[in-house]
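Please read the structure below before turning to the comments.
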Amino acid sequence: MLSVLRVHLPSEIPIVGCEITPYVLVKRPDNTVSNDDVPESAPVDGHHMRYRWYRIQSDRKIAVCSIHPTEQATIQCLGCVKAKIPVAKSYHCSSRCFSDAWQHHRALHDRASSAVSENGAEEEELFGRFNSTGSGVPNTGITGSASSGLSPGQNNGPVPSYPATVAERNGGETWFEVGRSRTYTPTADDIGHTLRFECVVVDAETRVPVGATNTVLTSRVIPAPSPTPRRMIQVNDAQGTAPSGTFTVLSYNILADAYATNESYSYCPSWALSWPYRRQNLLREIIGYHADIVCLQEVQIDHFEEFFAPELDKHGYQALYKKNTSEVYIGNFNAVDGCAIFFRRDRFSHIKKYEVEFNKAAQSLADAVIAANQKKSALNRLIKDNIALIVVLEAKFSSHGADIPGKRQLLCVANTHVNVPQDCKDVKLWQVHTLIKGLEKIAASADIPMLVCGDFNSLPNSAPHTLLSIGKVDPAHPDLAIDPYGILRPNNKLSHNLVLVSAYSSFARTKGFGPQAEQKRRIDPLSNEPLFTKCTREYIGTVDYIFYTADSLTDETMIVELAYVSLPSAKSHVCPWIIVKIPYVVVNGLLS
């Protein structure tokens, strides 16, 4: 008979707007065990699963910490009350929390005092509001709809048209049914309340539960943190609308869910690492740039097929994808990541797609230059499962000097993730060189402009960066010192004829007034690259780039602000993008 072995939640802390999918391990009549659903529409051996979600509301008012919204407040600052600062800002969960936040907190007092002095009244908007009220107590009012606050496409299953009281407990707790499907998306009505998930095996004929009901309780629902919008900085003196023939490009390593582990990001709360929470923020930011071409790295195959491709299709993008090879990887097939390129269908059409598998290139290299007795160890070093995705697009818009009847305006876009350990610098450089030589062949055959995007895991002035930006690597470069199998010899082969320029180089040449001057301080004057594109607690550095062929493309107008971010402590509120690599640049390219 069907039975439930185990139930748990991916994260104990639910976030408004982030779908919760409990892990329900079910044993089937044939003794197989799986996490697959057994819905009423497809019973197994006369049984199916039934799910219920409840909101647990208490008559007792609960104040929450202004710094850590998942914690109950134990301290209130009376100075805030006296200064008429919104009461939500006055609560803290501990004396340590209050002490750590004191510098910022004192600034609230100073600003409140200044506002009263200058305007004769407090300026509540200066501080913002908690849950649209001045109170630090979550709103326990009951609305007439249990599905309010859901975005399009979210469905918590059929629920009563009014919240149904299920049971009352001592202490004034009341349960309200809010969902009847396996998944549930918390709404604004749930903020500050605990959710209860129930699942039970049901006899399909009698509709009577069989066996014990399995239950799981969440922590209190918290509102989704609001991300800070990025600013766009003008690169040159161009005014008004962009000239004809321009297009925008975005490159972004989105951090695959398989790598977003508590071990790697111990300073982030588990809910901030969860894919349902991160994916909505990623999508919001990607769409917000309105880029004509989007290059993403570390895109898991299931996330591409089930999320990014269909969601970006709604916004007019066509999708192309290449997953990493998996000779090294052992595990869930869907967790294999890869590179994706999206382009706006109204701006470009797809002409051709090339796929580069560096494992195959490594095998060919080993067969050609590695001694037979060293081939196995050499392949162990060379094979890293990395790939590159190359697409040739045709512009559907005209550009300067290109209004010649019958002339096709083509563009080649390459996207890669050179995921190679730092102690294998020879392999990293070899992969970049292999990619560049392939692009050279494409350029020679069609005289086509090039964009090279990706996460190269290489710092400015490293051998891979030098090869890309200068076109050759000095034989005395320190990165060439380690080459145990001679894959980089002779060193004079490490060159190419593509005139590639980093997208940030044009920004480094600006005069630097106003916001530009502030941003130029975040550019390394030796490399003309930003001080960082990846920022975690353990690592800050530049590894992501967009290169373009300067003899056929012009970096025209804007780049993303190089905003510094503060790293959170283990308990603090997390910026939605702090655990992923910062979107490197949005370039307005000009086809010439």
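The values are calculated or read from the model by the stated rules, or taken from the named source; none is laboratory data. If you're wondering where the values come from, they're calculated on a predicted model, not measured in any experiment. Counting neighbours? That spans all protein chains shown, and the Cβs are built from the backbone with ideal geometry, glycine included. Remember, those area values only see protein heavy atoms, side chains included, never the ligands or the DNA or RNA. Shrake-Rupley method; radii C 1.70, N 1.55, O 1.52, S 1.80 Å.
Going through region 14-32 one residue at a time, which ones are at pLDDT below 90 and hydrophobic (A, V, I, L, M, F, W, C)?
Answer for region 14-32, where residues must be at pLDDT below 90 and hydrophobic (A, V, I, L, M, F, W, C): I15, V16, C18.
Within region 270-322, can you find the residues that are outside any helix (DSSP H, G or I), within 16 Å of the chain's Cα centre (by Cα) and over 18 Å from Y252 (Cβ atoms)?
S274
Taking the condition at pLDDT 80 or above, crowded, with 19+ Cβ neighbours inside 10 Å, of a type in the set (A, V, I, L, M) and not in a strand (DSSP E or B), does A258 pass?
no
Give the number of residues within region 69-85 that are assigned to a loop (DSSP other than H, G, I, E, B) and farther than 28 Å from E12 by Cβ.
4
Considering only residues of region 417-449 that are closer than 19 Å to K322 by Cα and in contact with a helix residue (DSSP H, G or I) (Cβ under 6 Å, 6 or more places away or on another chain), which is surrounded by the fewest Cβ atoms within 10 Å (Cβ to Cβ)?
T434
When both residues are 6+ apart or on different chains and their Cβ atoms are under 9 Å apart, which pairs have a first residue that lies in region 1-16 and is aliphatic (A, V, I, L, M), and a second that is open to solvent by 70 Å² or more (accessible area, probe 1.4 Å) and in a loop (DSSP other than H, G, I, E, B)?
Final answer for the pair search is M1/D45; L2/D45.
Please specify each residue of region 407-448 satisfying the condition of being within 29 Å of the chain's Cα centre (by Cα), of a type outside the set (D, E) and assigned to a loop (DSSP other than H, G, I, E, B).
Of everything in region 407-448, those that are within 29 Å of the chain's Cα centre (by Cα), of a type outside the set (D, E) and assigned to a loop (DSSP other than H, G, I, E, B) turn out to be V418, N419, V420, P421, Q422, C424.
Run I233 past the list (1) modelled with pLDDT of 80 or more; (2) not in a loop (DSSP other than H, G, I, E, B) and report the number of the one that doesn't hold.
Result: I233 fails condition (1) only.
Please go through region 54-110 and give me each residue that is basic (K, R), under 29 Å from P22 (Cβ atoms) and crowded, with 21+ Cβ neighbours inside 10 Å, ordered by number.
R55
For region 479-494, which positions are touching a residue at least 40 places away in the same chain (Cβ under 8 Å) and in contact with a Pro (Cβ under 9 Å, 6 or more places away or on another chain)?
Within region 479-494, D479, L494 meet the criteria.
Do we find a residue being touching a Leu at 6+ places or on another chain (Cβ under 9 Å), modelled with pLDDT under 50, surrounded by 15 or more Cβ atoms within 10 Å (Cβ to Cβ) and farther than 23 Å from I13 by Cβ anywhere in region 111-119?
No, the conditions are met nowhere in region 111-119.
Within region 294-305, can one find any residue that is over 19 Å from D337 (Cα atoms) and touching a residue at least 24 places away in the same chain (Cβ under 8 Å)?
no
Considering each residue of region 277-319, count those that are open to solvent by 20 Å² or more (accessible area, probe 1.4 Å), at pLDDT 95 or above and of a type in the set (A, V, I, L, M), and give that number.
Qualifying residue count for the region: 2.
Could you tell me whether A42 is out of contact with any Cys (no Cβ under 8 Å at 6 or more places or on another chain), hydrophobic (A, V, I, L, M, F, W, C) and under 22 Å from T187 (Cβ atoms)?
No; evaluated as a whole, the condition is false for this residue.
Answer yes or no as to whether V4 is in contact with a Cys (Cβ under 9 Å, 6 or more places away or on another chain) and open to solvent by less than 20 Å² (accessible area, probe 1.4 Å).
no
Of (1) on the phi > 0 side of the Ramachandran plot; (2) in contact with a His (Cβ under 9 Å, 6 or more places away or on another chain); (3) modelled with pLDDT under 90; (4) not small (G, A, S), D447 satisfies all except one. Which?
Single failed check for D447: (2).
Of the numbered conditions (1) closer than 30 Å to T215 by Cα; (2) open to solvent by less than 50 Å² (accessible area, probe 1.4 Å); (3) at pLDDT 85 or above, S11 satisfies every one except a single condition; which is it?
(3)
So which of V391, V452 is open to solvent by less than 10 Å² (accessible area, probe 1.4 Å) and more than 21 Å from G541 (Cβ to Cβ)?
V391
Looking at region 204-223, which of its residues are of a type in the set (G, A, S) and either more than 13 Å from M49 (Cα to Cα) or assigned to a strand (DSSP E or B) (or both)?
G211, A212, S219
Somewhere in region 328-346, is a residue farther than 16 Å from I390 by Cβ, surrounded by 18 or more Cβ atoms within 10 Å (Cβ to Cβ) and hydrophobic (A, V, I, L, M, F, W, C)?
yes
Without any contact (Cβ under 8 Å) to a residue 40 or more places away in the chain, open to solvent by 20 Å² or more (accessible area, probe 1.4 Å), more than 24 Å from T549 (Cα to Cα) and among the aliphatic types (A, V, I, L, M), is that true of A476?
Criteria met by A476.
State all residues of region 62-109 that are among the hydroxyl-bearing types (S, T, Y), at pLDDT below 80 and touching a Gly at 6+ places or on another chain (Cβ under 9 Å); if no residue qualifies, say none.
Across region 62-109, the qualifying residue is only S66.
Sort out which residues of region 28-68 are farther than 28 Å from P14 by Cα and outside any strand (DSSP E or B), and write them in order of number.
R28, P29, D30, N31, T32, S41, A42, P43, D45, G46
Looking at this structure, is I75 aliphatic (A, V, I, L, M) and within 33 Å of the chain's Cα centre (by Cα)?
Answer is no for this residue.
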